[in-house]
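Trainee: Encoded as structure tokens, here's the structure I'll be asking about.
Read-outs throughout are calculated quantities, based only on the coordinates presented, and are distinct from any laboratory measurement. This structure is a prediction, so every number in the text was calculated from the model and none was measured. With ideal geometry, Cβ positions are generated from the backbone for all residues, glycine too; neighbour counts draw on all protein chains shown.
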Amino acid sequence: MLLNFDENLDNYKLMRQAIIPRPIAWIVTEDENTNIAPFSYFMALTSTPPTMVVSIGQKSDGAPKDTLANIIKTKKCTICIPKEEQLQQMHFSSKELAHNLSEADVFNIDLEKKAKNFPPMVKDTPIAFFCELFQELDIKGSKHKPIIVEIKQMFIDDTCFTNKEKLYFEFNPIARIGGDYSFLGEKISAPKIP
Ligand SMILES: Cc1cc2nc3c(=O)[nH]c(=O)nc-3n(C[C@H](O)[C@H](O)[C@H](O)COP(=O)(O)O)c2cc1C
């Protein structure tokens, strides 16, 4: 089957099943309260400067999602990479809440202040990136707004290190597969290219 994307297709349904596994950015932002939400249209972009991109859509009423509104307002976010044990909390935090409600309160998600000038991280996440807004992108005809953020600081939980001096670490992330999830499974060493 060969599908033409200029026809009336459910692009999202097709793309999210095929472009897998996607890493999950569990993003903490601040306005009057602290907002937490997961995003999987998310990827590393450049190492120098250290940037990542996340594409954020609209709420069901057409307003920008709280995460996007907060990042544009404060220019800051903390991107946590959740681990297996946090799957339920992370998933629950995707529920659309009114702007004045915090997912931290509604779903009992503990936060921890780690980097002075950034929003808190979700407690017990193995990895967190403390980021500043770098660039907003406009995709013609899209209701999604990709934003580029620059990593300013990074937290790595001490228990993740396999060699702390050399900064080697490992953890058990959650990946997005369609509308479901997967864990990493067996690690396979890269074959030597002849
Ligand atoms: C695993 C997962 C990944 C998601 N990825 C995205 C995404 O990449 N972009 C997006 O706009 N919404 C995504 N969502 C939906 C948002 O998490 C959801 O709309 C949330 O309510 C946004 O919250 P906010 O308004 O507090 O920012 C995802 C949801 C889940 C569960």
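Trainee: Just add up the charged neighbours of Ile127: K/R +1, D/E -1, any other residue whose Cβ is under 15 Å from the Cβ of Ile127.
Mentor: On the way: positive: Lys83, Lys114, Lys123, Lys152, Lys164; negative: Glu84, Glu85, Glu112, Asp124, Asp157, Asp158, Glu170.
Taking every Cβ under 15 Å from that of Ile127, the sum is -2.
Trainee: I've got another one for you. At 222 nm, what helix-only mean residue ellipticity would the chain give, in deg cm²/dmol to the nearest 500, using -39500 (n - 2.57) for each DSSP H run of four or more? Don't skip to the end; give the middle numbers.
Mentor: Numbers: 4 runs with 27 residues, N = 194.
Helix-only estimate at 222 nm: -3500 deg cm²/dmol.
Trainee: Can you tell me the convex hull volume per residue for the chain, based on C-alpha atoms, in Å³ to the nearest whole number? Mind dumping the intermediate values first?
Mentor: Values: hull volume 33.6 nm³, N = 194.
Per residue, the Cα convex hull of the chain comes to 173 Å³.
Trainee: Collect residues whose amide H, placed 1.01 Å from N in the peptide plane, falls under 5 Å from the amide H of Lys114; neighbours closer than 5 in sequence don't count.
Mentor: Placed amide hydrogens put Met121 under 5 Å from Lys114.
Trainee: Next question. So, in nm, how far is label Phe161 from label Ile188 when the simple model puts each one 7 Å beyond its Cα toward the Cβ?
Mentor: Each label point is offset 7 Å from its Cα along the Cβ direction, giving 3.2 nm.
Trainee: Okay, moving on. Once you keep just the Cα pairs under 8 angstrom separated by 6 or more residues, what percentage relative contact order results for the chain?
Mentor: Numbers: 358 pairs, mean separation 46.3, N = 194.
It rounds to 24 percent for the chain.
Trainee: Amide H to amide H under 5 Å from Lys59: which residues, 5+ apart in sequence or cross-chain, H placed 1.01 Å off N in plane?
Mentor: Placed amide hydrogens put Lys65 under 5 Å from Lys59.
Trainee: Could you work out how much longer the chain between Ala98 and Lys143 gets when fully extended? Use 0.36 nm per residue separation minus the Cα distance between them, nm to one decimal.
Mentor: Gain on stretching Ala98 to Lys143: 14.2 nm.
Trainee: Under the rule a/c < 1.5 gives rounded, and otherwise a/b versus b/c splits prolate from oblate, where does the stretch 85-173 land using the Cα gyration tensor?
Mentor: Values: a/c = 1.92, a/b = 1.27, b/c = 1.51.
Here the stretch 85-173 falls in the oblate category.
Trainee: Please list, or write none, the lysines whose alpha carbon is within less than 25 Å of the alpha carbon of Lys143, excluding same-chain residues fewer than 8 places away.
Mentor: Straight-line reach from Lys143, under 25 Å: Lys13, Lys59, Lys65, Lys73, Lys75, Lys76, Lys95.
Trainee: What GluC sites (Glu not before Pro) does the stretch 95-134 have in DSSP loop regions with at most 11 other beta carbons within 10 Å? Intermediate values should be presented prior to the final figure.
Mentor: Working: sites: Glu96, Glu103, Glu112, Glu132; in loops: Glu96.
Hits after loop and neighbour filter: Glu96.
Trainee: Now for a different question. Can you find, among Ala37, Ile79, Gln17, the residue farthest towards the positive end of the dipole of the stretch 4-114? Put +1 on the C-beta of Lys and Arg, -1 on that of Asp and Glu.
Mentor: Farthest towards the positive end: Ile79.
Trainee: Using the basic label-point model (7 angstrom from Cα toward the beta carbon), what is the Thr74 to Glu32 distance in nanometres?
Mentor: Using points 7 Å along Cα→Cβ, the separation is 1.5 nm.
Trainee: I've got another one for you. Between Pro120, Ile174, Asn108, whose Cα lies farthest towards the positive end of the dipole of the stretch 13-182 when Lys and Arg beta carbons carry +1 and Asp and Glu beta carbons carry -1, centred on the Cα centre?
Mentor: Towards the positive end, the residue furthest out is Ile174.
Trainee: How big is the charge dipole of the stretch 13-182 about its Cα centre, in debye rounded to the nearest 20, if each Lys and Arg gets +1 on its Cβ and each Asp and Glu gets -1 on its Cβ?
Mentor: Details: 21 positive and 22 negative charges, 117 e Å.
Roughly 560 debye, rounded to the nearest 20.
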